[in-house]
Amino acid sequence: MTQDLNEVEILLVEDNPNDVELTLRALKKNNLANKVYTVKDGEEAINFIFAAGQYATRDVNFPPKVIFLDLKLPKVSGLEVLKKIKSDEKTKTIPVVVITSSQETQDVKECYSLGVNSFIQKPIEFDNFVKAISDVGLYWMVINKSVR
Amino acid sequence: MRIRSKIFVIFFITSLLPIIFLTYINLNFSQNALVKDTESELETIADLQTANIHTIINAYKNRINFLAARPTVLSQVTTFNNTKDNTQIKNTLNSILLSLPDVQIVSLIDLQGNVVVSTDDSVIGKKQFISQLPVIKVTKDTPSIDFLPDNDGNLKIRFRKTLYDKTTKLGELEFITEENIFNKVTNNYIGLKKTGEVDLAIKDNAGKIFFITPTRFKKTAGYIPSTFANTTPSAEALKKSNTFIPETSDYRGKAVSAVTRYLSDLDMGLVVKIDRDEAFQPINELRDSMLIFSFIFILFVVMVVLFFVHSLTGPIINLLFAAKGVYTGDLSKRALVLSKDEIGELSASFNTMLDALQASHEDLEKKVEERTKQLETSNKDLEAFSYSVSHDLRAPLRSIDGFSQILEEDYTPKLDDEGKRVIATIRASTKQMATLIDDLLTFSRLGRKPIEAQDVNMTSLAKTVFDELKLANPTRVIQFDCAELPHAHGDAALLKQVWVNLLSNAIKYTKKKETAIITVASTSDNNNNIYCVKDNGAGFDMQYKDKLFGVFQRLHSAQEFEGTGVGLAIVSRIITKHGGSVRAEGVVDQGATFSFSLPKT
Amino acid sequence: MESSHVNKTSTSQRLYYAIAGTASILYLCLTFFAPQANNIFGFSPLQIFLLKVTVALPYIAAWWFAVYGLSTLEKYIAAAKEENDVMIRLLGSVRNGLLWIIVSTVLVALIGGIRSYFANNIDIRPFFTIITNYLYVFPQLIGFFLIYRGVYQLQSSKEMSEHKHASHFLTAFVVFFISSIYLYLMATNPTRQFSANPTIPATYYLPDILVIFTIALPILASWWFGFSAAFTMSDLIPYLTRAELFKGISRIVYGIWAIIFTSILIQALLSLGGTRLYGLGIGMLLLIIYIFIILQGIGYLFIALGSKALQKSIRT
């Protein structure tokens, strides 16, 4: 799908293609799918957000409305991405929702201390998964007022 | 009693007793010997002086007897009696006087008792002096002897013999000595040291004791002061006894030892005595010496004992002190090795033992450290494992469930019943695996998490949990009864999990009954509070009760009652971590009681 | 710092030696140049001279032992100033106490020497006797009390206060026993106030009540202090942590004991009284005098040995 990279509303950072598909399907149910851009590792995510590397053409001043971030990523891990986002003046206002399989309290603590806006655990059951993603998407896209 | 005191007392007694004993024996023995010595000395002197006295008296007696029997004397006396011419007799008397030493006056006494002729003209015409003092024995053959005190208080001795011409009395011949001839005896202090003396005493007509010679301490002859009169040895002597009196008091009241002799022919008591102080002076000196040296010896013993005891008990106490240090935890203390004897060896051995102990202690610590490191590594591995499980196992599962749902949603029209059943089965299995993974994760996490202990209100906790579970099962009819439970001291979250598992089990296994009756109660014993959850559900066969709390152990199939079999294992683990224990009782189809105990707060 | 310590030590050591030297010379002069005294045993002039030599010289020797002992102790105290503070204070008290005791002994000897010049003056005899007695009793009391106080302070210091101390049983037992004999000897002394023999002075020339309260009681008190101090010290020694300290202080305690016993011996002899004492005979008397001298010498020798052992502990 060709998209204007500056008009991305949801940045989905997820390495598991199955999970990507399921997530998109869930978002589709609420008509949020076309605003989604997917990157498959941490490096790409950072490049996208900071308009670097292969995304140098992007404009940093047009960040996504929300970032769905998985923790377990190749190359650069989710926590590092989160850290980078939240420590940069230009990007720290972007809402980040960590969506991960992990239930570890350690992860939860770390994310919140880095400034994550929300922490969601991926349910295994699809129905629950769909509901969770939908709710989250709706909230961040529609209800929540973000900087942009 | 401390060793020191014991040793001291023993040493003391064993050195003191022999000394006392020996001193006593010594002094006793010496005393007896000295008494015997004194006795024999006094006896010797007594015998000697008695003989002396007899010699002296007999000399005069014999002389006067001889003279009184001489015919010349007798005829001269007769002549004088007839003619009153004293020339011849006077010459004779004078020559007698010259021949007798120590005699002062020789006189002739007439039948009327007057002095008619004498070598001393001043006494002529005078009546014979009668003294108070008794006259000593008169028989025809013996002269009479008596004592004449003169103006100075000295005694002269007078001998008188009756002159007979055949059977006619002619008169008396009289000698008067110059001085007290007995003085020779009593003035002789040879062998009598400084306080010894010989006393000669007679009884006067009234029975009072009279010393006929001056005593050593009273320079004149005379009477004994009445206070001492009865106790003097002279009194004893005049009772006609010849004895040794070791202890008595004399005419001065002083303690003396005395020997008595009774001179029967003179009716005189002779006493040889000496002051006890002087006689026993050697003993006193001996006693003082012994006392001083015993004292020095005892001091010496005490000193030696003190040295010895200190050198003995000092190292022992030091060892004790080091030992005490050890059991209060300080393994670095060592005893001092102060000598090469057994105690020094003991201290050295003790030190060696401590060295070994300390080394093995350190060794053990090292081993513990190693083990701990190993365990920590193990733990970390487990953490990594469960982390991995929580992430990596879930994701594929999610895909399975998700895509099978997509299949169901999007391709249902194309599927037949069999196809739908298959998909349903896949989804059901996925759900089961999800629950299993969650339970497993909880179970493994339990082992690693430390307990954050606090006071937990078990009653409100149980009620809250039940309310939550009831909410999740709105259609069920449950009669719930929760008694007042004692507070517990433990981790609130974990204990909540316990209630969740037990109560959800109770709810689950009573689903086949119309009305589920669930009761929560508690009892207690000495150390623990016991909480019970009773239900009237499916119960279980008691012979399998040990399996109940095992991981993945189930007594019913998944079709009958859903579940993974981890719930009770989790309960068991939590309770064990709190220091308690779990129990279960049940009767098939009638119900079960699950109880757990927690230590009292 | 060290050299000043050494200097300081040698000053007081020199002082000791100087005083001892002066006293010795004085005493020798007094002894040998004294006029012919009452010849109780009837010796020839040569015998008397020999007697003086055989008594005076060892007597002085005992003083020198004392000086040696005390100066060695002094050396240790000066050198170990920084070390075991409590112990040093105790040893300081010991040294002070012993100084009082030995000085009283020396003074008594000197007065005795002066006294022989007035041997024939009967009127001045009580004066000398009383002075000698008090000169002996009270400094001894002070000396032993100082030692006792030093030990008491050690006992209540925080290092030692938690350790078990012996009861006073032993002290009481020993002092009671020795006191009874001493008091018995004193009571049976016929020459307390008057002496029948004109050549032998009476023992106290004081009324009995004064004798009891100003002589007997202080003496018993000084024995109590001395024994109590020595026993307590010997109790605390095992808790010291170094062998040299243990040996050193042990020997000093032995020394104190020997000195106490010397005092006991002298006082016991005095309480015998002139007549009984001389009645023992010249041989016995000499023996006793030698025992006393040797005992005192041993006492101070132990003090010296102890101090030497303590010195060793500093090197470490």
Do you know which of the residues in the range C:136-158 that are free of Cβ contacts under 8 Å to residues at least 60 places away in the same chain and in a helix (DSSP H, G or I) is nearest to C:L236 (Cα to Cα)?
C:S156
In the range B:562-582, the residues that are small (G, A, S) and either under 16 Å from B:K496 (Cα atoms) or not assigned by TED's automatic domain parsing to the domain that holds B:A538 (or both):
B:G567, B:A569, B:S572, B:G580
Where residues in the range C:162-187 are under 19 Å from C:T129 (Cβ atoms) and facing chain B (nearest Cβ under 9 Å), which of them is modelled with the lowest pLDDT?
C:L185
Can you tell me which of (1) closer than 30 Å to B:V302 by Cβ; (2) touching a residue at least 12 places away in the same chain (Cβ under 8 Å) is the one B:T14 doesn't meet?
(2)
Out of (1) more than 9 Å from chain B (Cβ to nearest Cβ); (2) out of contact with any Gly (no Cβ under 8 Å at 6 or more places or on another chain); (3) in a helix (DSSP H, G or I); (4) not hydrophobic (A, V, I, L, M, F, W, C), the one C:S222 does not meet is (2)
Look through the range B:151-210, keep the residues that are crowded, with 22+ Cβ neighbours inside 10 Å and in a loop (DSSP other than H, G, I, E, B), and return whichever of them is modelled with the highest pLDDT.
B:G196
If you scan the range B:432-458, which residues turn out to be without any contact (Cβ under 8 Å) to a residue 60 or more places away in the chain and surrounded by fewer than 16 Cβ atoms within 10 Å (Cβ to Cβ)?
B:K449, B:P450, B:E452, B:A453, B:Q454, B:N457
Residue count, the range B:5-14 (criterion: more than 11 Å from chain C (Cβ to nearest Cβ) and either closer than 13 Å to B:L306 by Cβ or not in a helix (DSSP H, G or I) (or both))
1
Within the range B:479-487, is there a residue that is assigned to a helix (DSSP H, G or I) and more than 16 Å from B:L568 (Cα to Cα)?
no
I need the full set of residues from the range B:491-522 which are more than 18 Å from B:G586 (Cβ to Cβ) and polar (S, T, N, Q), in order please.
B:Q497, B:T515, B:S522
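If I filter the range B:295-322 down to residues being facing chain C (nearest Cβ under 9 Å) and in contact with a Lys or Arg (Cβ under 7 Å, 6 or more places away or on another chain), which single residue comes out as farthest from B:S15 (Cα to Cα)? Walk me through it before giving the result.
Quick first cut of the range B:295-322, residues facing chain C (nearest Cβ under 9 Å) only: B:295-296, B:298-300, B:302-303, B:306-307, B:309-311, B:313-321.
After this cut, where a residue has to be in contact with a Lys or Arg (Cβ under 7 Å, 6 or more places away or on another chain) as well, the list is B:309, B:313.
Details: B:V309: 16, B:T313: 21 Å.
Looking at residues that are facing chain C (nearest Cβ under 9 Å) and in contact with a Lys or Arg (Cβ under 7 Å, 6 or more places away or on another chain), I get B:T313.
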Can you name every one of the helices (runs of 4 or more DSSP H) wholly within the range A:1-120 that holds 1 or more residues which are modelled with pLDDT of 85 or more, more than 14 Å from chain B (Cβ to nearest Cβ) and surrounded by fewer than 20 Cβ atoms within 10 Å (Cβ to Cβ)?
A:42-49, A:78-87, A:105-114
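Results for (1) of a type outside the set (A, V, I, L, M, F, W, C); (2) surrounded by 19 or more Cβ atoms within 10 Å (Cβ to Cβ); (3) at the interface with chain B (Cβ under 10 Å from one of its Cβ atoms); (4) not in a loop (DSSP other than H, G, I, E, B), shown as yes or no for each residue.
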{"site": "C:P201", "(1), (2), (3), (4)": "yes, yes, no, no"}
{"site": "C:L210", "(1), (2), (3), (4)": "no, no, no, yes"}
{"site": "C:S228", "(1), (2), (3), (4)": "yes, yes, no, yes"}
{"site": "C:F246", "(1), (2), (3), (4)": "no, yes, yes, yes"}
{"site": "C:L277", "(1), (2), (3), (4)": "no, yes, yes, yes"}
Note down all Cβ pairs under 9 Å where the first residue falls in the range C:84-95 and is under 14 Å from C:I303 (Cα atoms) and at pLDDT 85 or above, the second is part of a helix (DSSP H, G or I) and among the acidic types (D, E), and they're at least six residues apart or on different chains.
C:R95/C:E74
I'd like to know if the range B:553-569 contains one or more residues that are among the aromatic types (F, W, Y) and buried (at least 17 other Cβ atoms within 10 Å of the Cβ).
no
Away from chain A (no Cβ under 13 Å), without any contact (Cβ under 8 Å) to a residue 24 or more places away in the chain and surrounded by fewer than 17 Cβ atoms within 10 Å (Cβ to Cβ): does that describe B:P413?
yes
Reported set for the range C:252-267 where residues are at the interface with chain B (Cβ under 10 Å from one of its Cβ atoms) and under 19 Å from B:S339 (Cβ atoms) is C:V253, C:Y254
Scan the range B:79-105 for residues that are surrounded by 15 or more Cβ atoms within 10 Å (Cβ to Cβ), out of contact with any strand residue (DSSP E or B) (no Cβ under 6 Å at 6 or more places or on another chain) and either touching a residue at least 24 places away in the same chain (Cβ under 8 Å) or outside the structural domain of B:R160 (by TED's automatic domain parsing) (or both) and report the count.
3
Pick out the one residue from B:G344, B:G325, B:G402 that is surrounded by 12 or more Cβ atoms within 10 Å (Cβ to Cβ) and either among the aliphatic types (A, V, I, L, M) or at the interface with another protein chain (Cβ under 8 Å from one of its Cβ atoms) (or both).
B:G402
Given the criteria in contact with a helix residue (DSSP H, G or I) (Cβ under 7 Å, 6 or more places away or on another chain) and not aliphatic (A, V, I, L, M), does B:R398 qualify?
yes
Suppose we keep only residues that are β-branched (V, I, T) and assigned to a helix (DSSP H, G or I) within the range B:545-577. Which one would you say is nearest to B:S429 (Cα to Cα)?
B:I570
Is it the case, given these coordinates, that B:D467 is outside any helix (DSSP H, G or I), more than 14 Å from chain A (Cβ to nearest Cβ) and within 30 Å of B:T593 (Cβ to Cβ)?
no
Residue within the range B:567-577 that is modelled with pLDDT of 80 or more, in contact with a strand residue (DSSP E or B) (Cβ under 6 Å, 6 or more places away or on another chain) and not hydrophobic (A, V, I, L, M, F, W, C) present:
yes
Residue match in the range B:366-388 (condition: assigned by TED's automatic domain parsing to the domain that holds B:T442, in a helix (DSSP H, G or I), under 57 Å from the mean Cα position of the chain (by Cα) and within 30 Å of B:L319 (Cα to Cα))
yes
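When you look at B:T377, is it of a type in the set (S, T, Y) and surrounded by 11 or more Cβ atoms within 10 Å (Cβ to Cβ), yes or no?
Here the answer is no, as B:T377 does not meet what is asked.
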Before we move on, is C:S44 without any contact (Cβ under 8 Å) to a residue 12 or more places away in the chain, closer than 30 Å to C:L286 by Cα and hydroxyl-bearing (S, T, Y)?
yes
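The values are calculated or read from the model by the stated rules, or taken from the named source; none is laboratory data. Source: prediction; values computed, not measured. Quick reminder, even Gly has a Cβ in these numbers, built from the backbone with ideal geometry, and neighbours come from all protein chains shown.
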